[in-house]
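Visitor: So that we are looking at the same thing, I have put the structure below in structure tokens.
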């Protein structure tokens, strides 16, 4: 109950902050248009040149899959790595370590609060725009899609936070985590289908996507494919297993990190 | 209160270990078998603090003050020794202890920079599990006490340093802690802001019986705020005495200022028990060792040597006393 109260306080406070300073929303919206919009324009041309279908999927399916990736990226959950690194490097971690809260959970709620407003606003606008421009594929009108789209987004949120928390916590040992962050982030981008939709991946990359936590953290991009009807149980299950395993790893690392902390000036 | 002491520290030590690059070894060896160096930041210190006391915990840079505070507040784990804060062990009961202590780190902010101060205070109240009504009541109390009405609705990043420090202290007092740890709270503040903050801390100590544990390089903080001073250097506790006693530490040393009628042109050798602290054409300061001669004797001797317009005798100021204590610490020689 207490955790829920703290979480809702952090999220509501930060959401209010984001609403008061809409600059960040505009930046996020611009980034979304620049990255996703341009890619979709290019893909629409490629699908056109290929008679409307590539690898068994139509453009509107590819567009929605990519849109899910980009709208989720606006949530900026990956920034939890940098936030933890900053706390460690600046010594600011000490102002949070002596509060009656778990530092790691605080950072998780903080990250959700930071990105939630942009994510919701841009996703709603993006959905409307995409429905008007490319329409809804039939796979998105099925009961399974409607029932599973929110759980798969929630799974992606929890798994992303676990992955990027682990990267951030490495800062307690190596301080400079940027190279590791870069590798993991690019793995997530590639396997999440930001450049190429999953349906067009070669077989080995499909396997890598399905069985790695990096791919699993973006399983919402699979929900628009025909195969989702058979695979959703496995994919939600895989997301849950990775989330539990990596959350436990993050927690263990955090407990070790607490004993390792040596704060600047101390 | 069930506990007899607010703080009880016994044989507390902290060793920091870190890898250092061995210039003679290759990168592979440095990577796989790094050379480690250990620094003893706090070395076997013991002391206790009563409820409601106002403690100055001082020492030069790198003495181990902040490390000790961080161990007392559960941020750092001690290498050895025991700590009891309000009867709790910070390494095992960090969360429970956090409800009863407040912390202010002068060089770090715990407030939310982009949001109005009210949000930070509300947020702290929520973090400390206070009911909504109590949060509002406490906010009103602190806003009045800390005179924050004029800037309570401003984003924290727009506050002046003095306003921000007042807000930092107010935030750390939201949950009415029994002890407040302040690590250089007046650093960078002007004289007016310093005085205002000190007055507030004294008021909090008087009205809410909050124990104050403060580190500072500012003698004014120590003199006006604290009734007891603990001095640490090189991780070792070198003095623990009432602040008033501190000025008596070098009471056997007196200073005499001599102002010339015209200008001092020569500085003859002084007799045993006196030495020059300052030799200037416009002013001479002589330090007198009272164990070797009386003040009257010293003055007479000086008046025989110098033609003066004015003469003034006084005790060493606290800042000089503290500097002497640091300098006389044998480890520092």
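Visitor: Averaged over all directions, how much area does the convex hull of the C-alpha atoms of the stretch B:164-235 cover when projected, in nm²? Don't skip to the answer; put the middle values down first.
Guide: Numbers: hull surface 20.4 nm².
Mean projected area of the Cα convex hull: 5.1 nm².
Visitor: While we're here: Using r as the Cβ-Cβ distance of residue B:157 and residue A:25, and R0 as 25 Å, what FRET efficiency do you calculate, to the nearest 0.05?
Guide: Details: r = 20 Å, r/R0 = 0.79.
So the FRET efficiency works out to roughly 0.80.
Visitor: Please compute one quarter of the surface area of the Cα convex hull for the stretch B:251-315 and express it in square nanometres.
Guide: Details: hull surface 15.0 nm².
Result: a mean projected hull area of 3.7 nm².
Visitor: Can you give the Rg and Dmax of the protein assembly as shown based on its C-alpha atoms, in angstrom?
Guide: For the protein assembly as shown, the Cα-based Rg and Dmax read 31.9, 114 Å.
Visitor: What do you get when you divide the Cα radius of gyration of the stretch B:179-333 by 2.2 N^0.38 Å, with N the number of residues?
Guide: Numbers: Rg = 19.6 Å, N = 155, 2.2 N^0.38 = 15.0 Å.
With N residues counted in the stretch B:179-333, Rg over 2.2 N^0.38 Å equals 1.31.
Visitor: Ranking B:234, B:10, B:175 by Cβ neighbours within 10 Å, fewest first, what do you get? Don't skip to the answer; put the middle values down first.
Guide: Numbers: B:234 18, B:10 13, B:175 21.
In increasing order of surrounding Cβ atoms, one gets B:10, B:234, B:175.
Visitor: Also, I was wondering about something else. Kirkwood-based Rg over Rh for the stretch A:108-188 (C-alpha set), two decimals? Walk me through the numbers before you get to the answer.
Guide: Details: Rg = 16.8 Å, Rh = 15.4 Å.
Reported Rg/Rh (Cα atoms, Kirkwood Rh): 1.09.
Visitor: For the pair residue B:240 and residue B:312, what calculated FRET efficiency results from E = 1/(1 + (r/R0)^6), where r is the Cβ-Cβ distance and R0 = 35 Å, to the nearest 0.05?
Guide: Details: r = 33 Å, r/R0 = 0.93.
It comes out at approximately 0.60.
Visitor: Counting partner chain Cβ atoms within 10 Å of every residue's Cβ in B:74-83, what's the average?
Guide: Working: counts 4, 11, 8, 4, 0, 0, 0, 0, 0, 0.
Average neighbour count from other chains, rounded to a whole number: 3.
Visitor: Figure the gain on full extension for residue A:203 and residue A:34 (residue separation times 0.36 nm, minus the Cα-Cα span) and round it to one decimal in nm. Display every interim value, and only then the final one.
Guide: On the way: separation 169, 0.36 × 169 = 60.84 nm, distance 2.98 nm.
Result: 57.9 nm gained on full extension.
Visitor: Just to be sure I understand the model, the point goes 7 Å from the Cα along the line to the Cβ. What's the resulting residue A:90 to residue B:303 distance in nm?
Guide: Here the modelled spin labels are 6.3 nm apart.
Visitor: Quick one: length gained pulling residue B:247 to residue B:149 fully straight, 0.36 nm per residue minus the C-alpha distance?
Guide: 31.3 nm
Visitor: Compute and list, largest first, the equivalent-ellipsoid semi-axes of the stretch B:74-133 from the alpha carbon gyration tensor, each √(5λ) rounded to a whole angstrom.
Guide: Working: eigenvalues 148, 49, 11 Å².
Values for the stretch B:74-133, descending: 27, 16, 7 Å.
Visitor: Can you give the Rg/Rh ratio of the stretch B:98-224, where Rg is from the C-alpha atoms and Rh is the Kirkwood radius?
Guide: Details: Rg = 13.5 Å, Rh = 14.5 Å.
Rg/Rh for the stretch B:98-224 comes to 0.93.
Visitor: Can you give the Rg to Rh ratio for chain A, taking only C-alpha atoms and Rh from Kirkwood? Kindly include the intermediate steps, with their values, before the conclusion.
Guide: Working: Rg = 19.3 Å, Rh = 19.5 Å.
That ratio is 0.99, to two decimals.
Visitor: Compute the distance in nm between two label points, each set 7 Å from the Cα along the Cα-to-Cβ direction, one at residue B:209 and one at residue A:256.
Guide: Placing both labels 7 Å along Cα→Cβ, they lie 4.6 nm apart.
Visitor: While we're on this one: Angle check, please: helix B:191-208 long axis (alpha carbons) against the longest principal axis of chain B (alpha carbons), in degrees 0 to 90, nearest 10.
Guide: 60 degrees
Visitor: Can you pull the Kirkwood radius for the stretch A:166-211, inverse mean 1/r over Cα pairs, to one decimal in Å?
Guide: Numbers: mean 1/r = 0.0844 Å⁻¹.
It is 11.8 Å.
Visitor: Can you give the helix-only mean residue ellipticity at 222 nm for the protein assembly as shown, where every DSSP H stretch with n ≥ 4 adds -39500 (n - 2.57) and the sum goes over all residues, rounded to the nearest 500 deg cm²/dmol? Please list the in-between numbers first.
Guide: On the way: 24 runs with 303 residues, N = 599.
Dividing the helical sum by the residues of the protein assembly as shown leaves -16000 deg cm²/dmol.
Visitor: Based on the Cβ-Cβ distance from residue A:143 to residue B:202, what FRET efficiency comes out when R0 is 56 Å, to the nearest 0.05?
Guide: 0.25
Visitor: Sorted from largest down, give the three principal axis spans of the alpha carbons of the stretch A:1-139, whole angstrom values.
Guide: Cα spread of the stretch A:1-139 along its principal axes, largest to smallest: 62, 29, 27 Å.
Visitor: Please find, in a Gaussian network model of chain B (springs between Cα atoms separated by less than 10 Å), the residue of B:65, B:14, B:283 whose mean-square fluctuation is greatest.
Guide: Highest fluctuation of the listed residues: B:283.
Visitor: Using a Gaussian network model of chain A with C-alpha springs under 10 Å, which one of A:114, A:205, A:189 is most mobile by mean-square fluctuation?
Guide: The residue that fluctuates most here is A:205.
Visitor: Turning to a different aspect of this structure: Need one value for B:127-134: mean number of C-beta atoms belonging to other chains within 10 Å of its residues' C-beta atoms.
Guide: Mean partner-chain Cβ count within 10 Å for B:127-134: 3.
Visitor: So how long is each side of the stretch B:7-247 along the principal axes, counting just the alpha-carbon atoms, biggest first, in Å?
Guide: Cα spread of the stretch B:7-247 along its principal axes, largest to smallest: 61, 46, 35 Å.
Visitor: What does the stretch A:82-219 give for Rg and for Dmax, in Å, if only its C-alpha atoms count?
Guide: 17.9, 53
Visitor: If you count, for every residue in B:95-108, the Cβ atoms of partner chains within 10 Å of its Cβ, what is the mean? Can you show the working numbers first?
Guide: Details: counts 5, 1, 2, 5, 2, 1, 2, 1, 5, 1, 7, 0, 3, 9.
Average per residue, whole number: 3.
Visitor: Turning to a different aspect of this structure: Stretched out fully, how many nm does the piece from residue B:276 to residue B:18 gain, at 0.36 nm a residue minus the Cα gap?
Guide: So the chain would gain 88.3 nm between residue B:276 and residue B:18.
Visitor: Could you state the angle between the C-alpha long axis of helix A:103-133 and the longest principal axis of the C-alpha atoms of chain A, as a value from 0 to 90 degrees rounded to the nearest 10?
Guide: Here the helix axis deviates by roughly 20 degrees.
Visitor: Sticking with this structure for a sec: Could you work out how far helix A:143-169 tilts from the main Cα principal axis of chain A, as a 0 to 90 degree angle to the nearest 10?
Guide: 40 degrees
Visitor: Right, next: Gaussian network model of chain A, Cα springs within a sub-10 Å range: biggest mean-square fluctuation belongs to which of A:137, A:179, A:197?
Guide: Comparing A:137, A:179, A:197 in a Gaussian network model of chain A, the most mobile one is A:179.
Visitor: What do the square roots of 5 times the Cα gyration tensor eigenvalues come to for the stretch B:128-198, in whole Å, largest first, as semi-axes of the equivalent ellipsoid? Intermediate values should be presented prior to the final figure.
Guide: On the way: eigenvalues 91, 46, 20 Å².
For the stretch B:128-198, the semi-axes come out at 21, 15, 10 Å.
Visitor: Using only Cα atoms, locate the centre of the stretch A:199-228 and the centre of the stretch B:66-132, then give the distance between them in Å, rounded to an integer.
Guide: The stretch A:199-228 and the stretch B:66-132 have Cα centres spaced 44 Å from each other.
Visitor: Counting C-alpha atoms alone, how compact is the stretch B:1-92: give Rg to one decimal and Dmax as a whole number, in angstrom.
Guide: 17.4, 60
Visitor: Right, something else. How many nm separate the modelled label positions at residue A:133 and residue B:46, each set 7 Å beyond the Cα in the direction of the Cβ?
Guide: Taking the simple label geometry, residue A:133 and residue B:46 are separated by 7.4 nm.
Every number here is computed from the coordinates shown, using simple stated rules; none is lab data. Here the structure is a predicted model, which is why all the values come from computation and not from measurement. Here the Cβ is made from the backbone with ideal geometry for all residues, glycine too, and neighbour counts use every protein chain on show.
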